[in-house]
1. Does at least one position in segment 36-48 carry a residue that is at pLDDT 95 or above, touching a helix residue (DSSP H, G or I) at 6+ places or on another chain (Cβ under 7 Å) and either assigned to a helix (DSSP H, G or I) or more than 16 Å from residue 99 (Cβ to Cβ) (or both)?
2. When the residues of segment 58-77 are filtered to those that are within 15 Å of residue 39 (Cα to Cα) and free of Cβ contacts under 8 Å to residues at least 24 places away in the same chain, which remaining residue is surrounded by the fewest Cβ atoms within 10 Å (Cβ to Cβ)?
């Protein structure tokens, strides 16, 4: 009798756990799809830069022009030197960009 009760409890736990996993999996996939890869300010093209919040094609082009003029970015904050990029925009993109 003890074995039967233990078996029933184990089966109930397995069924409950499998339901939780099957519900969590689609959400985990959705979350990972929304994660954006880091954009390298020293290598990105207009299309990549324009995916950043607050950066449209015109500002993206200015970032590339500035990069060419100074020989590349040495820090993320340096993007503030580009016309149209302010502290607010920097705050939005700083966790999404890198300078390598």
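The values are calculated or read from the model by the stated rules, or taken from the named source; none is laboratory data. Everything numeric here is computed off the predicted structure, so don't read it as measured data. Every residue, glycine as well, gets a Cβ built from its backbone with ideal geometry; the counts of neighbours run over all protein chains shown.
1. Looking for residues that are at pLDDT 95 or above, touching a helix residue (DSSP H, G or I) at 6+ places or on another chain (Cβ under 7 Å) and either assigned to a helix (DSSP H, G or I) or more than 16 Å from residue 99 (Cβ to Cβ) (or both), one finds at least one in segment 36-48, hence yes.
2. 77
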